[in-house]
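Have a look at the structure below, then the notes.
The values are calculated or read from the model by the stated rules, or taken from the named source; none is laboratory data. Note that the structure is predicted; figures quoted are calculated from it, not measured. Note that we place each Cβ from the backbone using ideal geometry, even for glycine, and neighbour counts take in every protein chain shown.
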Amino acid sequence: METKTISVPDISCDHCKMSIEGATGDLNGVDNSSVDIPGKTVTVTYEAEKVDLEQIVSAIEEQGYEVAQ
Ligand SMILES: [Cu+2]
């Protein structure tokens, strides 16, 4: 299991939290996804054999957010 924190500067409210946690949490292999609104980050715990970080980033971008690397 891997844990990574992704910076998403556009996170501003509960709606952002719900949509990002929903989209990333639905990915096969993602065990947990948690958005920190004031910190503007998404912390994901995932199984690297099932899903890679690129897919997780894509899921966030598909919700309309830009990911800062
Ligand atoms: Cu929002």
Worksheet item: For segment 22-36, which residues satisfy the criterion of being surrounded by 12 or more Cβ atoms within 10 Å (Cβ to Cβ) and farther than 15 Å from Glu66 by Cα?
Response: Gly22, Gly25, Leu27, Gly29, Val30, Asp31, Asn32, Ser33, Ser34, Asp36
Discussion item. Show the residue pairs meeting these rules: Cβ distance below 8 Å; 6+ apart or different chains; first residue within segment 5-18 and at pLDDT 95 or above and surrounded by 12 or more Cβ atoms within 10 Å (Cβ to Cβ); second residue part of a loop (DSSP other than H, G, I, E, B) and of a type in the set (Asp, Glu).
Written reply: Val8/Glu66; Asp10/Glu66; Cys16/Asp10
Practice prompt. Could you look through segment 41-62, keep only residues that are surrounded by fewer than 16 Cβ atoms within 10 Å (Cβ to Cβ) and within 16 Å of the ligand (Cβ to nearest atom), and pick out the one that is farthest from Pro9 (Cα to Cα)?
Written response: Glu62
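Which count do you get for residues in segment 48-62 that are acidic (Asp, Glu) and part of a loop (DSSP other than H, G, I, E, B)? Don't jump to the end; show me each part of the working.
The first filter runs over segment 48-62 and keeps only residues acidic (Asp, Glu), leaving 49, 52, 54, 61-62.
Now narrow it down to the ones that are part of a loop (DSSP other than H, G, I, E, B): 49, 52.
Counting residues in segment 48-62 that are acidic (Asp, Glu) and part of a loop (DSSP other than H, G, I, E, B) gives 2.
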